[in-house]
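Shown next, in structure tokens, is the structure this report addresses.
The values are calculated or read from the model by the stated rules, or taken from the named source; none is laboratory data. The structure presented is a predicted model; accordingly, all values stated were derived computationally and were not measured. Counting neighbours? That spans all protein chains shown, and the Cβs are built from the backbone with ideal geometry, glycine included. Protein only, heavy atoms only, side chains kept; ligands, DNA and RNA dropped before computing areas. Shrake-Rupley method; radii C 1.70, N 1.55, O 1.52, S 1.80 Å.
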Amino acid sequence: MTDVVVRPYRPGDHAAGRALWVELAERRSGLYGQSAGPDPGAGFEDYLTRLDLSGIWVAEDGENGVIGLVGLLMQGTSGEVEPIVVATQRRGSGVGAALLKHVTGEARKRSLARLTIRPESRNVEAMKSLHAAGFDLLSAVELSLDLRPAPSTVDDIEIDLHGLRFRG
């Protein structure tokens, strides 16, 4: 693995950050068999203007440039990791772990009491990585009712929680 450096986001990182946002939007929509929309990178522009955004950091290597992005949202003494994304070709190489380690350190510097992250329930790879990074406190569950007339074209993942079966 090429050495990865995590550093603060700079305006010159905009194109790379937007491209990573597109990867994230397409991955999230693909998990549920939906379209990412006509401009999946547009959400990045909105994200950059959030009032609760406390910091953005990028992971870069000398060979490929910016290959990952993580952000920290703050509300009082709580923080949320949003987003965390690693370029497809570098997933599974420790880049995400480096980003999580960095944003966790930043949350500690800010004396936050809790740091949360909300992965998609179908993203088993992300769930395993986050659990390995120490995110093992189940703090909330969000349930949805699928109101579309046709059933999802993506296979459901079954999850058991408190003796109840849920689709992921």
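Structure notes:
- Residue list for the range 1-13, filter: part of a helix (DSSP H, G or I) and surrounded by 17 or more Cβ atoms within 10 Å (Cβ to Cβ): 13
- For the range 60-72, the count of residues that are exposed (fewer than 14 other Cβ atoms within 10 Å of the Cβ), out of contact with any helix residue (DSSP H, G or I) (no Cβ under 6 Å at 6 or more places or on another chain) and either without any contact (Cβ under 8 Å) to a residue 24 or more places away in the chain or closer than 15 Å to residue 126 by Cα (or both) is zero.
- Here is the figure for the range 14-38: residues that are open to solvent by less than 40 Å² (accessible area, probe 1.4 Å) and of a type in the set (Phe, Trp, Tyr) total 1.
- Matching residues in the range 5-42 - criterion: being closer than 17 Å to residue 55 by Cα and not hydrophobic (A, V, I, L, M, F, W, C): 7, 8, 9, 10, 11, 12, 13, 14, 17, 18
So that you can scan it fast, the table gives a plain yes or no per residue for (1) without any contact (Cβ under 8 Å) to a residue 24 or more places away in the chain; (2) of a type in the set (Lys, Arg):
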residue: 94; (1), (2): no, no
residue: 104; (1), (2): no, no
residue: 109; (1), (2): yes, yes
residue: 116; (1), (2): no, no
residue: 119; (1), (2): yes, no
residue: 124; (1), (2): no, no
residue: 129; (1), (2): no, no
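- Pick from the range 74-96, criterion open to solvent by less than 10 Å² (accessible area, probe 1.4 Å) and part of a strand (DSSP E or B), ranking: nearest to residue 110 (Cα to Cα): 79
- Strands (runs of 3 or more DSSP E) (entirely within the range 102-168) containing at least 2 residues that are over 20 Å from residue 72 (Cα atoms) and out of contact with any His (no Cβ under 6 Å at 6 or more places or on another chain): 158-161, 164-167
Yes or no, residue by residue, for (1) of a type in the set (Gly, Ala, Ser); (2) closer than 26 Å to residue 106 by Cα; (3) within 14 Å of the chain's Cα centre (by Cα):
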{"site": "9", "(1), (2), (3)": "no, yes, no"}
{"site": "21", "(1), (2), (3)": "no, yes, yes"}
{"site": "25", "(1), (2), (3)": "yes, yes, yes"}
{"site": "32", "(1), (2), (3)": "no, no, no"}
{"site": "36", "(1), (2), (3)": "yes, no, no"}
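- Conditions (1) out of contact with any helix residue (DSSP H, G or I) (no Cβ under 7 Å at 6 or more places or on another chain); (2) buried (at least 18 other Cβ atoms within 10 Å of the Cβ); (3) hydroxyl-bearing (Ser, Thr, Tyr); number of the one not met by residue 129: (1)
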